[in-house]
Amino acid sequence: MSKSLMFLMFVYFVLMISTGVCMILIVNADENSQPWVALLVRNHGIVFVWHLACWMVLGMFSNYYWDLFNMGKGLESIQVERIVLPLLVSPIVFFPTYNLWLSSNSQSYILFEVIAFQSGFFWQALFTKAKPIEGSTSIPWSVNNSPSRTGSAKTAAVGSVQPHEVGR
């Protein structure tokens with residue numbers, strides 16, 4: 001494992017642990033708490049969003065390690081390029097979890113941590129469904145839906161409306 005990857009993992013774990021400690025302080029705060037704890041309580045949303053993001057990234061890393069170990073490889077086979085892709089799509093994956101937390105009035109923080117981890121672990125499920133449409137598929141609302149493009153009169157007849165039929 002490269003030193004830069006080890007440093008990034010160290011920074012990640014420091015962020016995860018520090019936001020977790022801050023969340024414990026926020027949950028257990030009362031009127032007699034220190035002023036800096038009261039400041040954390042007032043800004044608990046910011047701290048919790050960072051904490052949820054850490055849980056989601058942990059889920060993405062866990063998915064990568066799960067796949068790596070299922071292929072019979074060890075930690076020495078880690079490729080930084082394969083870790084960067086989940087990080088690039090993490091805002092897209094995180095947005096539904098964040099909106100769910102905003103719309104909820106539940107005080108159960110662990111529930112949202114589990115949901116963030118789960119959405120990070122299954123991040124690929126969202127993107128495996130999104131693939132290019134095959135050439136033989138006919139889409140009724142497509143502009144380029146002519147028989148000459150698809151090469152098949154059957155697919156064009158099923159999905160297109162003929163100009164002389166529009167007025168009927």
At a Förster distance of 25 Å, what's the computed FRET efficiency of Gln118 paired with Ile92, Cβ-Cβ distance as r, to 0.05? 0.95
Could you compute Rg(Cα) / (2.2 N^0.38 Å) for the stretch 3-129, with N its residue count? 1.19
If Rh is defined by the Kirkwood formula over all Cα pairs and Rg also comes from Cα, what ratio Rg/Rh do you get for the stretch 1-54? 1.14
FRET efficiency (Leu39, Phe10; Cβ distance; R0 25 Å; to 0.05) is 0.40
Here the FRET efficiency for Ile46 versus Trp66, based on Cβ atoms and R0 = 41 Å and rounded to 0.05, is 0.85
In Hz, Karplus ³J(HN,Hα) per residue of the stretch 115-123 (6.51, -1.76, 1.60; θ = phi - 60°; x = Gly, Pro): 5, 5, 4, 5, 5, x, 5, 9, 4
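Just so you know, all these numbers are worked out from the coordinates, no wet-lab data involved. What you see is a predicted model, and the numbers here were worked out from it, not measured in a lab. Positions of Cβ are backbone-derived with ideal geometry, glycine not excepted, and every protein chain shown enters the neighbour counts.
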